[in-house]
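Let me begin by presenting the structure, written as structure tokens, before commenting on it.
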Amino acid sequence: MTCPFPILYFSSRRWLYLSLGRIVLSYFFPVEFRDFFIADELNSLSYSFWTFSYFVCAYNFHWNDLQSNCPVKIFWYTPFLASLPPWWRLLQCIRRYNDSKEKVHLSNGLKYCTSIAATLATGYRRMHPHSIAMEMTWVLCSLVNSTYTSFWDVKMDWGLLQPHSSHFLLRDELVFYRWAYYVAAPINVLLRFAWSLNSAGFGFKGERIGFLTALLEAYRRIQWNFFRLENEHLNNVGNYRAIKEIPLPFALQDTSKQLQQQQQQQQQEVDLEEGRIQLPVEVSPAATLTPGQPHPLSESTPVGSFYGCRDYENRHDFDDAPSAAEHVSGLGRQPSMMDIVLDRMKTKTTDSSDSEDDDDDENENETVHE
């Protein structure tokens, strides 16, 4: 993990270092998915942040008399170390609200405020184990935080609890089996209240209970990852954000000579395919461009955009369009020679059918008169 040399998956380590750096400097960068996803992972490592001070202290005193030299429970800064992950997430929520003005990010930030309050209450409860007021504050903060985060996990992060869904209390689109959601959601809620084991005790020491709850939290976060990624993917697909823009296979700006050569080659291919039917060549405006002159479509057509044969907003094909030339020109680009040929063939076919119908009508009228 700390190897600085470009060996052994250095790109992965570099990606992780950059992600952690963006998290530490939260609010100074636009928040991407990897930023808040990894920051959520760090929220489940509060036990590691908590015991990091013990790790440093043990090496500082060479593992000598740790009970007197390293009383981590009474260190005033350990609760603040454990509060760093929710603090970073709070800053990310504020930044996302400033960028998007969506109030849901403020509601999400309030969730991390309750997490910070619960973490601080847990730390100071350990410093004052016989204080009833501190015990009540810890229970209240932990209860509010667990309730808030449980609802947010199931409803917002996983997208479940939709009232009008075809699957009871789930959502319409599911990737996993239905029973997986009915099992995972209650387990997630129960593990959110794992802190109550500290009150129960069950005859174990506080260190063992803390280690057990840390393991349970690690399992809960691993389970949470699958459904969170699933919901993110379904949202991207539903909002048409699943792919990036596909670049066009040709440049929109070119010299006039190259364009003329391309059009001549296309015309020759059309003549061979259509039995050497000579059609007038329509020179596009792009062919009259001089080097350095801006393309007339550059203002309306962004370079690198993809215009396919399907309207994804209205969810219907363009095959019902009046003609290929109108369809292509309606999208903001000039029709190709093949589109013009097909359009003319359709027009000739329609005209010939209309003329045959007119001839049949005339013959019928002559027969009636006779």
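The values are calculated or read from the model by the stated rules, or taken from the named source; none is laboratory data. For clarity, every value in this text was computed on a predicted model and none was experimentally measured. With ideal geometry, Cβ positions are generated from the backbone for all residues, glycine too; neighbour counts draw on all protein chains shown.
Can you find a residue that is on the phi > 0 side of the Ramachandran plot, crowded, with 17+ Cβ neighbours inside 10 Å and either assigned by TED's automatic domain parsing to the domain that holds Y112 or not small (G, A, S) (or both) anywhere in the range 137-155? No, the range 137-155 contains no residue that is on the phi > 0 side of the Ramachandran plot, crowded, with 17+ Cβ neighbours inside 10 Å and either assigned by TED's automatic domain parsing to the domain that holds Y112 or not small (G, A, S) (or both). If you check R192, R178 for being modelled with pLDDT of 90 or more, in contact with a Leu (Cβ under 9 Å, 6 or more places away or on another chain) and of a type outside the set (S, T, Y), only one passes: R178. Looking at the range 100-142 only, could you name the residues that are touching a helix residue (DSSP H, G or I) at 6+ places or on another chain (Cβ under 8 Å) and not in a helix (DSSP H, G or I)? E102, K103, H128, S131 - these are the residues of the range 100-142 that are touching a helix residue (DSSP H, G or I) at 6+ places or on another chain (Cβ under 8 Å) and not in a helix (DSSP H, G or I). When you scan the range 204-226, do you find a residue that is part of a loop (DSSP other than H, G, I, E, B) and either modelled with pLDDT under 85 or among the β-branched types (V, I, T) (or both), even just one? Within the range 204-226, one or more residues are part of a loop (DSSP other than H, G, I, E, B) and either modelled with pLDDT under 85 or among the β-branched types (V, I, T) (or both).
When the criteria are applied in full, V183 meets the requirement of being surrounded by fewer than 17 Cβ atoms within 10 Å (Cβ to Cβ) and at pLDDT 90 or above. Checking each residue in the range 1-60 for being at pLDDT below 90, more than 24 Å from A121 (Cα to Cα) and not in a loop (DSSP other than H, G, I, E, B) picks out A58, Y59, N60. Residues that are assigned to a loop (DSSP other than H, G, I, E, B), over 18 Å from Y112 (Cα atoms) and touching a Lys or Arg at 6+ places or on another chain (Cβ under 6 Å) do not occur anywhere in the range 175-182. Pairs meeting the criteria (first residue in the range 3-20 and under 22 Å from A39 (Cβ atoms), second residue surrounded by 12 or more Cβ atoms within 10 Å (Cβ to Cβ) and basic (K, R), beta carbons under 6 Å, at least 6 apart or on different chains) are S19/R34. Among the residues making up the range 61-105, those that are under 25 Å from M127 (Cα atoms) and of a type in the set (D, E, K, R) are D65, K73. The requirement of being within 33 Å of the chain's Cα centre (by Cα) and of a type in the set (V, I, T) is fulfilled nowhere in the range 75-83; no residue meets it.
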